[in-house]
Each structure stands twice: as C-alpha cells, then as structure tokens.
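Inspection log for the structure reproduced underneath, given as structure tokens.
Throughout, read-outs are computed from the coordinates displayed, never taken from laboratory work. Model, not experiment: these values are computed from the prediction. Because the Cβ atoms are built from the backbone with ideal geometry, glycine has one as well, and the counts that use them run over all protein chains shown.
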Amino acid sequence: MRLIWRRIPPDNFNHELVWLVVSIAAAVGGGIWLSLGLPTLRCPFLAVTGYPCLTCGATRCAIAFLHGNISAAWSWNPLALLALCGVALFDVYAAIVLVTRAPRPRLIDWTQAEKNAVRVAVIVVIAVNWAYLLAHRAQY
Ligand SMILES: [Zn+2]
C-alpha cells in the first residue's frame, strides 16, 4: 500500500465533491425532517427480536452529536459517533481540497494481506460495537 498525492483529471469521479454534497444533503434533510416533527423510524429488528441491531441509536446519536453532547452520542452508539466524526473531518478536508484545488491523497497498490487486514478490522469493530449495544439494550 502506498500513499500518493495527485490532482484529479476532469473526467474522473470526484469523490470529495460527491460525498461532501451527499453528507450535507443528508444533514440538511435530517434537520428538516426533525424540525417538522416527523416521526423517526422504528427499528424492525428491535421490534421483532427485542435486541438492538447494528445501527440502533444512530439517529439519537446524531441528534446528540449535533447538539454537542458527545457523551450522550457515545452512549447511544459509539461506532455511529466515530462515523459522524469521520464524516465531519472528511467534509472539512473535502471543502479545503475543492476550494484550493490541492492534490488529493490516495492509497494505492493494496496487497491482498492489507485488504484482508482491513476487512477483519472492520468486522471486529462492528462486532465490538454490537456487543456494546447488546450490553446496553435496556436503553433502546
Ligand atoms: Zn436497530
């Protein structure tokens, strides 16, 4: 795996622009939804099994995060909080590279072992987060 910095040719997919727009649209859409007092979605997995799914608490985590209550956001869903922090950092990065037209970092030439290590790490993180949610299921 190598980290390179490169400018994006005009005909290439612009990840920074697309995902910045998608994340802002999701935040604005969610804000409008909640400000109108529309109902939040109920988790069908929780309704059927009585156990929280992998994403249970993510909406309440996002609301707490946007109100600056990080400890409440963490208690609702730690992985969702980490994802929200990652999206916020990505959005700042994307805005900077789009405005400055700076070269963009890309990880290339992944070996199969590196790909597998990332896959295992993602599965372990998701499993640990789910174990946390199951251990704290009384709050859902
Ligand atoms: Zn759920």
In degrees, nearest 10, the alpha-carbon axis of helix 15-35 is tilted away from the dominant principal axis of the alpha carbons of the chain by 30
Roughly what angle does helix 78-100 make with the longest principal axis of the chain, taking Cα atoms, 0 to 90 degrees, to the nearest 10? 30
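Which value at 222 nm does the chain reach when only helices count, each DSSP H run of 4 or more adding -39,500 (n - 2.57), with the total divided by all residues and rounded to the nearest 500 deg cm²/dmol? Walk me through the intermediate numbers first.
Working: 6 runs with 90 residues, N = 140.
Helix-only estimate at 222 nm: -21000 deg cm²/dmol.
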Per-residue counts of other Cβ atoms within 10 Å, averaged by peptide: what ranking do you get for 96-103, 75-82, highest first? 75-82, 96-103
What are the ³J(HN,Hα) values, in whole Hz, obtained from phi via the Karplus relation 6.51 cos²θ - 1.76 cosθ + 1.60 with θ = phi - 60°, for each residue of region 120-135 in sequence order, with x given for Gly and Pro? 5, 4, 5, 5, 5, 4, 5, 5, 5, 5, 5, 4, 4, 4, 5, 5
Looking at region 1-77, which trypsin sites (Lys or Arg not before Pro) are in a loop (DSSP not H, G, I, E or B) and have at most 11 other Cβ atoms within 10 Å? Arg7, Arg42
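Using the eigenvalues of the Cα gyration tensor, what equivalent ellipsoid semi-axes result for region 40-140 when each is taken as the square root of five times the eigenvalue, whole Å, largest first? Could the numbers behind the result be given before it?
On the way: eigenvalues 180, 86, 22 Å².
That gives 30, 21, 10 Å for the three semi-axes.
What translational diffusion coefficient, to the nearest whole µm²/s, does region 18-77 have by Stokes-Einstein, given a Kirkwood radius computed over alpha-carbon pairs, a temperature of 25 °C and 0.890 mPa s viscosity? Can you show the working numbers first?
On the way: Rh = 12.8 Å.
Result for D is 192 µm²/s.
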